[in-house]
């Protein structure tokens, strides 16, 4: 009886990850792709996306949910990359330059985002999502109208023919995969981007260390119960702002790592779905709005991206249309987010009911005695 | 916490430390800029304009240890370099190897390296001014036209030059 109950609980708690695992395993065979190819793609995408997904952890610890406002950081990173391309900076120096230049912008963005989210406590996710749309407008204004007219742009190759504004697509040849190719390691049929993995590992170590610091403990206290934390003397608003600032800065660096791996940048769209895919990945990995760990990040990135790799092939084979697989990606991404949020709400309600019943039972027992 | 009044000396010291950190930050950006700046080198094997130096019949040139490029008299090729100080190795037809070092100006993107002048021991690096060719007609109007619709809506270009799609994750 208790075994059945624990199995049921396990299934309920891991519904998303199990569902995803089943769909992914079923899609591998019809895709016709070799396991070596899928493995290499997974390694590449782990390097490409993990940093961005790790950026979501701190706001979850601080009880701010999934930080859809990380798009602001992504935009700052793109701004830095535009400047690096403009000045024709190459290699890792180009990436470091982009990160250093965009850092003040992302700090400012993170601060603004944190202040806004503090005004919307309890509705952080939707507020962050809409805030990203708003800042997207500001970003487009800067890149489309100010760059080349107010902000000097040296490189004619990146300016629109009208004389101002940046072109729709930027070629990042100068920094393309420089981080990935700086320290490659061949293991059997696979090539591992060791330096990228080291950067990701350093971030993991930072997060583990940070959780043990006073500020990290404050963040967890705020995430557990804001009112109790406030009563205990934790500066709640300040702690939440810091969580968002760190997340935004990490998203900036994550977007730079992501784009250097891609090798080109859709100037006006590349950041659109940054938060969306990062959130989908961490949820697929078994995280929830309230709880997330580092393993959730890696499991999620692997599972989501294996499905992304195999879905076009599976779509082609099963429905005779590769585009089905492309639409499937969107469907899966939004579907996972929706399912996770619904499950989270359902679990919260059940938990509340269980507590209420416990209290009633306790009261009845107490009353009987 | 906010009620404590700081000693003016501490305040000044703190301000100085912050200014110092800001300077270090700007310095690191400048350093990264200098080391990361890319230049295109036009490797030129032509007679000099004044006719004082003649093109070399055949040579092989390698910049900063890159793959060697073969150039006949009157030919040009290009190499991408990073940073300011560079080493060029020229192997002439008879097997004679010449190694020279040169620096390029930080602000210039495209430079012309005259190999005959380099071998003759004359100043060989000059700024290359490309012809002003009209940019290809591309993306006149851009931006994210679907910003107020669903973020998942496919960015179908209704007119030529509509926004590009985001890269596949």
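The values are calculated or read from the model by the stated rules, or taken from the named source; none is laboratory data. Bear in mind the structure is a predicted one, so any value in this text is a computation, not a measurement. Note that each Cβ is placed from the backbone with ideal geometry, even for glycine, and that neighbours are counted across all protein chains shown.
What to note about this one:
- When residues of region B:33-53 are limited to those that are at pLDDT below 90 and loosely packed, with under 14 Cβ neighbours inside 10 Å, the one nearest to residue B:106 (Cα to Cα): B:49
- Test: residue in region A:315-334 that is more than 13 Å from residue A:23 (Cα to Cα) and outside any helix (DSSP H, G or I): yes
- Given (1) in contact (Cβ under 8 Å) with a residue 12 or more places away in the chain; (2) within 25 Å of residue A:85 (Cβ to Cβ); (3) exposed (fewer than 15 other Cβ atoms within 10 Å of the Cβ), index of the condition residue B:82 fails: (3)
- Enumeration of residues in region B:32-53 that are more than 14 Å from every other protein chain (Cβ to nearest Cβ) and in contact with a helix residue (DSSP H, G or I) (Cβ under 8 Å, 6 or more places away or on another chain): B:43, B:44, B:45, B:46, B:47, B:48, B:53
- Any hit, region A:170-180, residues being assigned to a strand (DSSP E or B), over 22 Å from residue A:83 (Cβ atoms) and in contact with a strand residue (DSSP E or B) (Cβ under 7 Å, 6 or more places away or on another chain): no
- Subset of region A:69-100 that is within 23 Å of the chain's Cα centre (by Cα) and at the interface with chain B (Cβ under 7 Å from one of its Cβ atoms) - its residue that is surrounded by the most Cβ atoms within 10 Å (Cβ to Cβ): A:97
- Among (1) closer than 18 Å to residue A:88 by Cα; (2) within 14 Å of another protein chain (Cβ to nearest Cβ), the one test that residue B:85 misses: (2)
- Set B:56, B:29, B:110: member being surrounded by 14 or more Cβ atoms within 10 Å (Cβ to Cβ), within 14 Å of another protein chain (Cβ to nearest Cβ) and more than 15 Å from the chain's Cα centre (by Cα): B:29
- Being within 19 Å of residue A:282 (Cβ to Cβ) and in contact (Cβ under 8 Å) with a residue 40 or more places away in the chain is true of residue A:21.
- For the condition more than 23 Å from residue A:114 (Cβ to Cβ) and away from every other protein chain (no Cβ under 14 Å), residue A:179 does not qualify.
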